[in-house]
Each structure stands twice: as C-alpha cells, then as structure tokens.
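There's a structure below that I have some questions on.
The values are calculated or read from the model by the stated rules, or taken from the named source; none is laboratory data. Quick caveat, the model's predicted, so the values are computed rather than measured. Please note: Cβ atoms are built from the backbone with ideal geometry, for glycine as well, and neighbour counts cover all protein chains shown. These accessible areas exclude ligands, DNA and RNA; they are computed on the full protein's heavy atoms, side chains included. Shrake-Rupley method; radii C 1.70, N 1.55, O 1.52, S 1.80 Å.
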Amino acid sequence: MDDADRVDSWAEGAAEVDGDPHRAVALAVEVGRSAPRPGSGDTPALFELLSALGRSDLTAARVVEAHLDARAILGEAGLDPQAGAWGVFAAEAPGVRLDAHEVDGGFVLSGTKPWCSLAGVLDRALVTAHTDGGHRRLFEVDLRVPGVNVRSGEWVALGLQGVPSGSVDFSQVAASPVGADGWYLDRPGFAWGGIGVAACWLGGAEGLALRLWSAAHSANREPDQIALMHLGAVDAQLFAARVVLTDAGRRIDDGHAAGVEGKLLAARTRIVVANVVEDVLRRAAHSLGPAPLALDADHARRVADLELYVRQHHAERDDAALGRRLLEGERPW
C-alpha cells in the first residue's frame, strides 16, 4: 500500500469513527504506527493526512492529532513512546494548578490540570506541571494508576461531544520528566505541533465546502449568483490555506522553522487557516440556510465540532501576539 492509499484508508476509517471516542482512539493507535513525524522530511504529507482526517470526522482528527503530537514530542526528546493511546495536556486555566515535586529521586504530580481531552479513555499523557524552581516542565504520566481522578460532568459542549476535555485531579502521581525545565515550550516542535492542529481545522472546513458544493451541484434548479459567489470564494480561500500549509511543511523540512522563524511561521499559518475556517463557516451558513443545521445530523455536528475546535485559536489575541513579535525582530517585509 503506497502513501496515498494509506491516507485514503485512514480517511475512510475516520469516517467510520462518526464521533465515537473509542473508535477514534483505535484509529489513532493504528495511524501512529507509520504516520510521518514533523521535521522528518515528509511534513507536508503529515499535514495532508491530518486535513484528510478532518474532512472525514473531526473527532477522529482531534484524537489522532494529539496522539501523533505526543509521539513526536517523545521522539524529539530522544525517547521511545510506550504502547497505547496518548494525549498532551499542556493548557493552563485560572484558579487551578498542577505542581511537580521531587521525591526520593523521582517526581510526583499533585493538583489539577484543566482541558485534559479524553483523559478517561487514553492510556498515557504528556502533562506540563510547575516545578519547584518556578518553571514549567513536561512529564510522562500513566493515566490508569491510583491518584488520577478524571472529573465528570464538566463537558457540556455541543461540539466534539465525544472528546470531553474537563479537568483531571492528580494526587501524588509518579511521573517521568521529558526534557528539562522550559524545554516543552522552547523546542522547535512546539510550533510545528500548532501547525498540525491548523491542518485539522482546514480539513473540517473542506468537509463543509463539500456540503456546499454538493448542494449547488445537485440542486433541482440552477444555483443563483449568491450561491455561486459563496462557492467560488470558499474554493479560493481553501486553495490559499492549503498552499500556506504545504509551504509551512516544506519550511519545517528545510530547516527554516526553528527558533524565532518557527514561532512566526506557526503564528502566521494558524491565523491564515483560522480566518479561512471562520469565513467558510459563515459562508456555508449564509448559502445553505437553516435546513441542514436543523435536519442534517452530520452537517450540524460538523459545524458544532468545527466552531469549538477552531477556538483553540485565540482570534484577535493571537493577531496581537503576532504583531508584538514582529516589532521585536527585524523589518518583516
């Protein structure tokens, strides 16, 4: 089976996930055995894979992306991932905190970690915690051991219902460090992983675009100018976003996406893709009207999933962060 056939097979598998987290986890483990890693020389193919999964099912894409990211992080640290399904829990939130303390030559984690996607189903995770030196450090954790309590009832989202991302409480849970203090955020792969998430967003938007095309193509009457305008604008924007993602993958493989260059590349790529996704959501709603949102379960779920998923982009705050970063360097244009 060549690479194109393998991606097609995985995309078909993603369609069969149909929002089910257990099927998504099984697919993630399968894909993780042979999917390319960022910076390996085949990064554009990795981004295309993630987009293909997003076109089929956003639950599948969300779970597979995190699993692949965890494996890539461990590889970047020179470690071999253990078997099973992995997640990455690195978000912070007001009022909660996870601390890592050295005990008898090892580390234990205590406290609460927010935004832990699918923690009740996964086997292991990479988790950031605050160390005694006032830094953040990455740790490998077995999610099945005593002391790990996955909270229930927090996830009320209509989108990505199969990927609950509530809080997890840790009580003296043994953990193995991955990299030194600050390594997780400083490594080149942090920026690359953020671009992989954008590839999933783009796939979700392409799935919406297919619904838009099908509606215009199969209409009982010739689509009017407004329908054609939305369809044409969506196609052009998706084309631009795909070009940006492909270029980002090539820059990563060519060694032009480390340090400041990598952070700029990730910020620009995510902003471009997120803006395209939001416009596709708007145009699909304007062109298709309320009927598919009310009567087509697959379409309604895709819209809800994508609206939530793309909010991992922080909108105007990320625009402002990019602007500040540009002022800290040389003239950009």
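I'm trying to understand the selection: among the residues of segment 94-115, which are in contact (Cβ under 8 Å) with a residue 40 or more places away in the chain, open to solvent by 20 Å² or more (accessible area, probe 1.4 Å) and outside any strand (DSSP E or B)?
Scanning segment 94-115 gives 96, 115.
A further question on this structure: Which condition from (1) in contact with a helix residue (DSSP H, G or I) (Cβ under 9 Å, 6 or more places away or on another chain); (2) open to solvent by less than 20 Å² (accessible area, probe 1.4 Å) is the one that residue 223 breaks?
Single failed check for residue 223: (2).
Would you call residue 196 buried (at least 22 other Cβ atoms within 10 Å of the Cβ), touching a Pro at 6+ places or on another chain (Cβ under 8 Å) and either modelled with pLDDT of 95 or more or not in a strand (DSSP E or B) (or both)?
Taking the combined requirement at face value, the residue satisfies it.
Taking the conditions exactly as written (in a helix (DSSP H, G or I), at pLDDT 95 or above and either over 18 Å from the mean Cα position of the chain (by Cα) or within 30 Å of residue 299 (Cα to Cα) (or both)), does residue 60 satisfy them or not?
Taking the combined requirement at face value, the residue satisfies it.
Any residue in segment 305-313 that is more than 19 Å from residue 53 (Cβ to Cβ), charged (D, E, K, R), open to solvent by less than 60 Å² (accessible area, probe 1.4 Å) and in contact with a Leu (Cβ under 8 Å, 6 or more places away or on another chain)?
There is no residue in segment 305-313 that is more than 19 Å from residue 53 (Cβ to Cβ), charged (D, E, K, R), open to solvent by less than 60 Å² (accessible area, probe 1.4 Å) and in contact with a Leu (Cβ under 8 Å, 6 or more places away or on another chain).
Looking at 35, 24, 15, can you tell me which residue is crowded, with 21+ Cβ neighbours inside 10 Å, at pLDDT 95 or above and outside any loop (DSSP other than H, G, I, E, B)?
Within the list 35, 24, 15, the selection yields 24.
If residue 230 passes every condition in (1) at pLDDT below 95; (2) more than 30 Å from residue 139 (Cα to Cα) but one, which one does it miss?
(1)
Return the total of residues in segment 250-280 being open to solvent by less than 60 Å² (accessible area, probe 1.4 Å) and part of a helix (DSSP H, G or I).
18
Identify, from the list 122, 158, the residue that is in contact (Cβ under 8 Å) with a residue 60 or more places away in the chain, hydrophobic (A, V, I, L, M, F, W, C), in a loop (DSSP other than H, G, I, E, B) and surrounded by fewer than 16 Cβ atoms within 10 Å (Cβ to Cβ).
Of the residues listed, the single one that is in contact (Cβ under 8 Å) with a residue 60 or more places away in the chain, hydrophobic (A, V, I, L, M, F, W, C), in a loop (DSSP other than H, G, I, E, B) and surrounded by fewer than 16 Cβ atoms within 10 Å (Cβ to Cβ) is 158.
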